[in-house]
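Right, one structure below, let's go through it.
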């Protein structure tokens, strides 16, 4: 890994966590949406992360040490982020955003415009506590990657000071 490899890795993770936070915000904003353009209630979205291929030397040595042969992973199927040299940067990327296929919640509200003939309205199965935990996790991961970038900047600055002497 080159001198700026950590910044590329942390930058990719920060992009992925930002997208995760945006998906959580969209889930929270649509927690009471009973009708979408496609019909039916809003469906909760999930972000699926995948590891970038990165340097295969480390992956090969881990595979050899564990005695297993490398299996095809999601990171080989999805498109990873590329670093400045055009190779896959180690780290994570968003493989896909998927819809939660759980059944919608039914609430009795016969006066609602989206109520069925039985008087029940279908609402998204979105738990605000779960969404807040996901948002806190994304926020903390984003902050930790930001701290890693700041630490590397400090190390580079210190190395330049040593080189000046």
- [ ] Whole Å is fine, so just give me how far the alpha carbon centre of the range 113-165 lies from that of the range 16-34.
- [x] 12
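Could you put 48, 24 in order, starting from the residue whose Cβ has the fewest other Cβ atoms within 10 Å?
On the way: 48 11, 24 24.
Fewest to most other Cβ atoms nearby, the residues stand as 48, 24.
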Task: Net lengthening on full extension, residue 48/residue 147 (0.36 nm per residue, minus Cα-Cα) - done: 33.3 nm
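Every number here is computed from the coordinates shown, using simple stated rules; none is lab data. Owing to the predicted nature of the structure, the values given are computational and were not obtained by experimental measurement. Using ideal geometry, Cβ is built from the backbone for each residue, glycine included, and neighbour counts are taken over all protein chains shown.
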